[in-house]
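Reading through the structure tokens given below for one structure.
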Amino acid sequence: EDRSHYIIHHAHALIAEKSDPELLDALTSPSKPFSELQYEPDPGDAHWIRIVSHLVTNDEGRPISVIGKITRVDEEVREKMDLSDRARHDGLTGLLNWATFCEQAEKLLESGTCGAMLVIDTDDFKSVNDTYGHLAGDAALRQTATVLRNAFRSHDLIDRLGGDEFAVCIDGPIDHDQLAERCARLVGHGVTFDDQHGVERTITLSIGGVQLAGITIPYRDAYQQ
């Protein structure tokens, strides 16, 4: 916060003692115009800082000092992270969007660590919009997302492929009977939502899936199966 100039003697040794190597390099041996790093001066008090620094050399080209500026950029970094997170998620449901799901599911499928892949959609969703209106339809999709989050584990990949179609990529092995039971429960219970008058309605789900424990397979082939 203090904008005054100051000199720290034996700075390299002091920074090396109190900071991580990346921060030390950004301050004392700048190889980039600027660096953005997380800095924690005290336990539990982490901040994002931007370091702009330049190496000053003598006539022989030997480094003699570093000149630069450190700026606290917490708000800016938080905004960037928020924009990045929103770009990876579906705006209506908050689930992963199609592009992000494909990218992450592909890694699990190609490494053989995807336990199963499911494609889920609502039955006759067009009638929901036609009968109760698009706001109620949006509520039904958001409730479907909530039901899917509750049905699977936090590290499983869940996305809205588009429209009323969703997909789940199980991260890691899953017992066949356990998977079948979860799917049967989803199909049996369906999803409840409020219509335009606040009356509770229910839509049903259809699920197609393939178990892939230990099998390496491209995303496209898993989706087609």
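The values are calculated or read from the model by the stated rules, or taken from the named source; none is laboratory data. Computed from a predicted structure; not experimentally measured. All Cβ positions, even for glycine, are placed from backbone atoms using ideal geometry, and neighbour counts span all protein chains on display. The area values use the complete protein model at the heavy-atom level, side chains included, leaving out ligands, DNA and RNA. Shrake-Rupley method; radii C 1.70, N 1.55, O 1.52, S 1.80 Å.
Any idea which of 93, 100 is touching a strand residue (DSSP E or B) at 6+ places or on another chain (Cβ under 9 Å), of a type outside the set (A, V, I, L, M, F, W, C), in a helix (DSSP H, G or I) and open to solvent by less than 40 Å² (accessible area, probe 1.4 Å)? If you could, list the steps in order and put the result at the bottom.
Values: 93 fails: in a helix (DSSP H, G or I).
Being touching a strand residue (DSSP E or B) at 6+ places or on another chain (Cβ under 9 Å), of a type outside the set (A, V, I, L, M, F, W, C), in a helix (DSSP H, G or I) and open to solvent by less than 40 Å² (accessible area, probe 1.4 Å) holds for just one of 93, 100, which is 100.
Kindly indicate whether residue 138 is closer than 17 Å to residue 208 by Cα, open to solvent by 20 Å² or more (accessible area, probe 1.4 Å) and either in contact with a Leu (Cβ under 7 Å, 6 or more places away or on another chain) or assigned to a strand (DSSP E or B) (or both).
no
On the basis of being outside any loop (DSSP other than H, G, I, E, B), among the small types (Gly, Ala, Ser) and in contact with a helix residue (DSSP H, G or I) (Cβ under 6 Å, 6 or more places away or on another chain), does residue 188 make the cut?
No; evaluated as a whole, the condition is false for this residue.
Specify which of the listed residues (72, 86) is at pLDDT below 70 and open to solvent by 70 Å² or more (accessible area, probe 1.4 Å).
86
Taking region 196-205, which residues are assigned to a strand (DSSP E or B) and either among the hydrophobic types (A, V, I, L, M, F, W, C) or surrounded by 12 or more Cβ atoms within 10 Å (Cβ to Cβ) (or both)?
If the condition is that a residue be assigned to a strand (DSSP E or B) and either among the hydrophobic types (A, V, I, L, M, F, W, C) or surrounded by 12 or more Cβ atoms within 10 Å (Cβ to Cβ) (or both), then 201, 203, 205 are the ones that fit.
Under 6 Å between Cβ atoms, at least 6 apart or on separate chains: pull out the pairs that start in region 111-130 with a residue that is more than 17 Å from residue 166 (Cα to Cα) and end on any residue that is among the polar types (S, T, N, Q).
Matching pairs, first to second residue: 112/216.
Looking at residue 138, is it of a type outside the set (Val, Ile, Thr) and closer than 21 Å to residue 225 by Cβ?
Against the criterion (of a type outside the set (Val, Ile, Thr) and closer than 21 Å to residue 225 by Cβ), residue 138 does not qualify.
Let's see how each residue does on (1) at pLDDT 95 or above; (2) surrounded by 11 or more Cβ atoms within 10 Å (Cβ to Cβ):
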site	(1), (2)
151	no, yes
155	no, no
168	yes, yes
179	no, yes
194	no, yes
211	no, yes
216	no, yes
219	no, yes
223	no, yes
